[in-house]
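Please read the structure below before turning to the comments.
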Amino acid sequence: MNNDSHHLQKVLHHDIPLTREMGLKVLSWQGQQLRLHLPLAPNTNHKNTMFGGSLYSAAVLAGWGWLHLRLREEGIEDGHIVIQEGQISYPLPVTADAIATCEAPEDAAWEKFLSTYRRYGRARLTLPTHIFNQGSDDAAVRFSGQFVLHR
């Protein structure tokens, strides 16, 4: 775990205590991709698959965490990140530990987000998150979240 990953895990576990109870761990922050690990055991439902609410939370946290780390790299630490809207689909059951990933948006979208925030103190950015059964390449969850950064 690199310093950024360690920093994010500390922030999540301190500021959002539910992440500790979920067993959420930051796996990596590399190449502007964030990877989170969510164990099945504390997040299981009555069907012995992962609870949809836990999956939604992990999807939001992957986007929130991506934005937090990327802003930190830009030296922007005066804003508050909130989720404004989210769309989710669950095409496959999660029957094992889960890996949530969030990758960078298009460069143009990122640059517009930064310039809007610097000018107005508020900006929106849509980030995609995918969740996989550990060891699988097939997305079990697809999420698109609109995040707002405001002063």
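Things to note:
- Taken over segment 77-109, the criterion of being assigned to a strand (DSSP E or B) and among the polar types (S, T, N, Q) is satisfied by 84, 87, 89, 101.
- Subset of segment 28-39 [touching a strand residue (DSSP E or B) at 6+ places or on another chain (Cβ under 6 Å) and either free of Cβ contacts under 8 Å to residues at least 40 places away in the same chain or more than 24 Å from residue 107 (Cα to Cα) (or both)]: 28, 37, 38
- Segment 121-138: number of residues that are under 30 Å from residue 41 (Cα atoms) and either buried (at least 17 other Cβ atoms within 10 Å of the Cβ) or under 15 Å from the mean Cα position of the chain (by Cα) (or both): 7
- Matching option when the condition is in contact (Cβ under 8 Å) with a residue 40 or more places away in the chain and under 24 Å from residue 6 (Cβ atoms), among 67, 92: 67
- Checked against the criteria, residue 145 counts as surrounded by 19 or more Cβ atoms within 10 Å (Cβ to Cβ), out of contact with any Cys (no Cβ under 6 Å at 6 or more places or on another chain) and among the small types (Gly, Ala, Ser).
- Residue match in segment 109-130 (condition: touching a Phe, Trp or Tyr at 6+ places or on another chain (Cβ under 7 Å), under 26 Å from residue 6 (Cα atoms) and hydroxyl-bearing (Ser, Thr, Tyr)): yes
- Some residue of segment 104-123 being at pLDDT 95 or above, under 13 Å from residue 144 (Cα atoms) and of a type outside the set (Lys, Arg): yes
- Annotation note: Cβ proximity below 7 Å between a residue of segment 40-52 that is under 14 Å from residue 21 (Cα atoms) and free of Cβ contacts under 8 Å to residues at least 12 places away in the same chain and a residue that is among the β-branched types (Val, Ile, Thr) and outside any helix (DSSP H, G or I) (sequence gap 6+ or interchain) occurs for 51/44.
- Candidate set from segment 1-55 (those that are assigned to a strand (DSSP E or B) and of a type in the set (Lys, Arg)); member that is farthest from residue 143 (Cα to Cα): 25
The values are calculated or read from the model by the stated rules, or taken from the named source; none is laboratory data. These figures come from a predicted structure and were not determined experimentally. For neighbour counting, all protein chains shown are included, and Cβ atoms are generated from backbone atoms with ideal geometry for every residue, glycine included.
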